[in-house]
Amino acid sequence: CMTMMAAAGVPTAEHTVCALDAGVYETARFDRVCRDDGRVVRLHAEDGCQLTGKPPSAKYAHTGGPTYADLTAALRRYGTDPGTDTPLLFRWAVANLALGNRDAHAKNVSVVRTEDGAVRLAPAYDVVCTMAYTDLDTVLPLLFAGALHLAELDPGAIKKAARSFGLTPALAKEMVADVCDRLDATRDDALQRAARLAGEHEVLESVGVVVKAGTAETRRRLLG
């Protein structure tokens with residue numbers, strides 16, 4: 001799903017299957033920089049809870065987590081380039097809807113202070129198609145257009161969502177269509193790549209079914 005998130009137009013942390021154990025998937029830390037002399041420099045990073053003054057327990061909407069409007073306001077207040085990062089946050093949110101990632105909570109989105117001092121939206125990380133596992137929750141981790149379920153989104157949802165991200169409805173619609181088009185175009189290749197890296201697994205078939213259906217429903221709910 002990290003590969004599909006990247007295909008949706010969202011920068012992602014470097015990731016691959018562990019060389020020592022194909023059952024383990026590794027994500028590189030975006031808040032560390034390795035110098036040529038072997039030193040490791042730590043970059044300051046804050047997740048969505050820290051950025052909005054919420055405790056770690058409030059990472060989900062149903063536990064008092066921040067809204068997308070809160071996260072957007074924080075990007076505009078503290079970020080160096082909110083004009084670029086706010087649309088990326090929207091892409092991340094829409095892609096998670098389509099990918100069936102119901103664990104995209106406030107601690108799974110961060111900002112990082114880069115080496116040149118800029119405060120930017122961090123690369124996406126911990127992207128999982130949770131809906132491929134039938135025993136996991138299907139509730140949206142963060143409210144999207146005021147809804148806690150994808151099925152609750154109505155024709156007016158795109159305007160509500162655009163407002164919470166500070167986007168025009170036209171731009172929001174354009175990005176929803178682009179995210180969905182990209183996922184439809186790259187889904188099968190991403191699944192085949194996963195199978196080559198880690199081997200065939202029955203969950204990959206489930207992921208394919210969930211992402212295909214999720215992309216179609218996201219398109220229908222938000223674009224009509």
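Tabulated data
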item	result
Relative contact order (%) - criterion: Cα under 8 Å, at least six apart; region: the chain	24 percent
Set of lysines near Lys212 by C-alpha distance (under 30 Å), chain-local residues within fewer than 8 positions excluded	Lys59, Lys107, Lys159, Lys160, Lys173
Fully extended contour minus Cα-Cα distance, from Thr84 to Arg42, at 0.36 nm per residue	12.7 nm
Value of [θ]222 nm, deg cm²/dmol, for the chain, DSSP H segments ≥ 4, -39500 (n - 2.57) each, nearest 500	-14500 deg cm²/dmol
Mean Cα-pair separation over length for the stretch 95-205, i.e. relative contact order, pairs under 8 Å, 6 or more apart, %	19 percent
Descending principal axes extents, the chain, alpha-carbon based, whole Å	56, 45, 31
Rounded FRET efficiency, nearest 0.05, which uses the C-beta distance separating Thr134 from Asp184 and R0 of 25 Å	0.55
Order by protection proxy (mean Cβ within 10 Å, highest first), peptides 32-44, 163-175, 187-199	163-175, 187-199, 32-44
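FYI, it's all coordinate maths here, none of it is from the lab. Predicted model only: the values in this text are computed from it and were never measured. Quick reminder, even Gly has a Cβ in these numbers, built from the backbone with ideal geometry, and neighbours come from all protein chains shown.
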